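What follows is a set of notes on a single structure, which appears directly below.
The values are calculated or read from the model by the stated rules, or taken from the named source; none is laboratory data. What you see is a predicted model, and the numbers here were worked out from it, not measured in a lab. Counting neighbours? That spans all protein chains shown, and the Cβs are built from the backbone with ideal geometry, glycine included. All accessible areas refer to the heavy atoms of the entire protein, side chains included, with ligands and DNA or RNA removed. Shrake-Rupley method; radii C 1.70, N 1.55, O 1.52, S 1.80 Å.
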Amino acid sequence: MNLTILAVAGIIVMVLLLFLGMNIGISMIVVGVIGYAIAVDDFSIALSRLGTVPFTTGSSASYVVIPLFVLMGEFTLESGMSKGLYNCCQKWFGHLRGGLNIATLVANGVFGAICGSSSAAVATIGRLAVPETRRYKYNDAFSAATCAAGGTLSWLIPPSTGFIVYGLTAGNLSIGRLFAAGIIPGLILLLAYILASSIVAAKDPTMAPKGEKCSMSERMRSIPGILPIVVLFVVVLGGMFSGIFSYTEAAAIGAFLTIVWTACVGKMTWKGFWSRCLSCLKSSIMVFQIMIGASVFGYFLTVTNLPQDLASFISGLDIPRIVVMFCILIMYIIIGMFMDTLSVVLITIPIFAPIVTALGYDLIWFGVVTVLAMVLGTITPPIGINLFIAAGIDTDMQISAIMKNSVPYCIALLLVTILAICIPQLSLWLPNLMYGAA
């Protein structure tokens, strides 16, 4: 059987299994094992891969960073850092037209980066923001859409689980360089979201009226509320970027500090401790299951030689390489509308990474472009997981209205993605400055 046809058939079957409701990790394992067996004409060899991949993936020292950062995020939630963060942002920005939405975006970006979870950031900051915006007669759907958009920043501003998974999948790239690469595009995206929110508020003041202006003394009194997050951010990222400790050690130190802080502020209980540990375990198992499935599926694609053949074919086409990148962007946007972000990264990187390399692009830069394209899927229908999480904040909210109000943020995110493609130095300048040109 033609191996290229086999690979394409395998991808189609896997997508069909996903739409039928099969677990993403299981579907990749099933297709990967059966496809590999057909390709090598030996089912025992395929089963041997299934016997070794889970152990090699689960026992890799590089992957320990994932549960550690997840644990840090869990105890960040338990300690109540989010309340002090949002309160501070509200005091400083709330008096502006649409100021509470600006506060939501800033708080969402900072908190999402620390907790490492887009979904957790949307739910946590949303529960704080929506009642406050409602008190000042903001449009509920617009406020919820703002929370959903703000959650996407957690994938760009480090420490980002998305960059960790991408770096390990794309060939053990430097996680530190990837973290550094996401900072400038992440800040640009935050500014683009703030601009989009301000434009909507300026066109229709009823969507986001001005809030109450606080005195300077009130603003200054709110600053201690953000100090725990600032200290955590500086210690974890500062220590990692300065070379004092590795990204794995940074994750361990971050998790330890959040646990200590939770105990210091009196929020630590045995029930809460075990609940957060169990939540961390569930999240980590989900990620590892998908990664194991992606590894098995990756062996199948490799033996069919599809990624290399596709890279050779595309690099040989007489078209500008930037056109190829925009085609990949469009594919990512479409796929991201229907699939979980993490799953898409794990499935597509083994296919696209050889193409990007063959075109002469930097994989660190491509990681930023990939993440930007992927998170767009979290705020676009029909899946738009962040939109549904935002709608769950209050049962009175209509998902259709939230989707409609997410359009300005989708446009802002798309424009920043195009900007990142056209100006690679936005992603590469900082990592090259900190680590030297690769």
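Remarks
- Residue check: residue 211 meets all listed conditions (1) in contact (Cβ under 8 Å) with a residue 60 or more places away in the chain; (2) under 19 Å from the mean Cα position of the chain (by Cα) but one, namely (2).
- First in the stretch 241-263 and in contact (Cβ under 8 Å) with a residue 24 or more places away in the chain and under 16 Å from residue 277 (Cβ atoms), second anywhere and of a type in the set (Asp, Glu) and surrounded by 17 or more Cβ atoms within 10 Å (Cβ to Cβ), Cβ under 6 Å, 6 or more apart: 262/78
- Residues in the stretch 386-408 that are open to solvent by 80 Å² or more (accessible area, probe 1.4 Å) and at pLDDT below 85: 388, 395, 396, 398.
- Test: residue 309 is under 25 Å from residue 155 (Cβ atoms), of a type in the set (D, E, K, R) and at pLDDT below 80: no
- Qualifying positions in the stretch 152-165 - open to solvent by less than 10 Å² (accessible area, probe 1.4 Å), within 19 Å of residue 249 (Cα to Cα) and assigned to a helix (DSSP H, G or I): 162, 163, 164, 165
- If you go through the stretch 94-114 and pick out every residue that is touching a Ser or Thr at 6+ places or on another chain (Cβ under 9 Å) and either aromatic (Phe, Trp, Tyr) or open to solvent by 10 Å² or more (accessible area, probe 1.4 Å) (or both), you end up with 4.
- Close pairs from the stretch 389-412: first touching a residue at least 12 places away in the same chain (Cβ under 8 Å), partner part of a loop (DSSP other than H, G, I, E, B), Cβ under 7 Å, at least 6 apart: 391/397; 403/381; 403/384; 410/380
- Scoring residue 245 on the criteria (1) aromatic (Phe, Trp, Tyr); (2) surrounded by 19 or more Cβ atoms within 10 Å (Cβ to Cβ); (3) part of a loop (DSSP other than H, G, I, E, B) leaves a single failure, condition (2).
- Close pairs (8 angstrom Cβ cut-off, 6 or more residues apart or separate chains): in contact (Cβ under 8 Å) with a residue 40 or more places away in the chain and within 22 Å of residue 80 (Cβ to Cβ) in the stretch 266-295, part of a helix (DSSP H, G or I) and aliphatic (A, V, I, L, M) anywhere: 268/259; 276/71; 276/77; 277/71; 280/70; 280/71; 283/70
- Members of the stretch 90-110 that are over 11 Å from residue 150 (Cβ atoms) and assigned to a helix (DSSP H, G or I): 90, 91, 92, 93, 99, 100
- Condition check for residue 411: at pLDDT 85 or above, aliphatic (A, V, I, L, M) and surrounded by fewer than 24 Cβ atoms within 10 Å (Cβ to Cβ): yes
- If the condition is being open to solvent by 60 Å² or more (accessible area, probe 1.4 Å) and either modelled with pLDDT under 80 or not in a helix (DSSP H, G or I) (or both), then the stretch 20-49 contributes 20, 21, 22, 23, 41, 49.
- Of the residues making up the stretch 167-200, those that are of a type in the set (Val, Ile, Thr) and either within 16 Å of residue 100 (Cα to Cα) or touching a Gly at 6+ places or on another chain (Cβ under 6 Å) (or both) are 175, 194, 199, 200.
- Of everything in the stretch 338-380 that is part of a helix (DSSP H, G or I) and of a type in the set (Phe, Trp, Tyr), the residue that is surrounded by the most Cβ atoms within 10 Å (Cβ to Cβ) is 366.
- Residue 220 meets each of the listed conditions (1) in contact (Cβ under 8 Å) with a residue 12 or more places away in the chain; (2) surrounded by fewer than 17 Cβ atoms within 10 Å (Cβ to Cβ) apart from (1).
- Candidates 402, 418, 389: the one that is under 20 Å from residue 184 (Cβ atoms), assigned to a helix (DSSP H, G or I) and hydrophobic (A, V, I, L, M, F, W, C) is 418.
- Scan of the stretch 115-127 for residues that are open to solvent by 20 Å² or more (accessible area, probe 1.4 Å) and modelled with pLDDT of 80 or more, ordered by number: 127
- Restricted to the stretch 264-337, the set of helices (runs of 4 or more DSSP H) holding at least 1 residues that are open to solvent by less than 40 Å² (accessible area, probe 1.4 Å), of a type outside the set (D, E, K, R) and under 30 Å from residue 77 (Cβ atoms) comprises 270-304, 321-336.
- Qualifying residue in the stretch 272-286 (condition: at pLDDT 85 or above, farther than 20 Å from residue 67 by Cα and either more than 26 Å from the chain's Cα centre (by Cα) or not basic (Lys, Arg) (or both)): no
- The listed residue being open to solvent by less than 10 Å² (accessible area, probe 1.4 Å) and farther than 30 Å from residue 361 by Cβ, out of 201, 141, 149, 181: 201
- Residues in the stretch 353-368 that are modelled with pLDDT of 90 or more and among the aliphatic types (A, V, I, L, M) were compared, and the one that is nearest to residue 317 (Cα to Cα) is 363.
- Only one entry of 168, 187 meets the criterion of being at pLDDT 90 or above, surrounded by fewer than 22 Cβ atoms within 10 Å (Cβ to Cβ), of a type outside the set (Val, Ile, Thr) and part of a helix (DSSP H, G or I), and that entry is 187.
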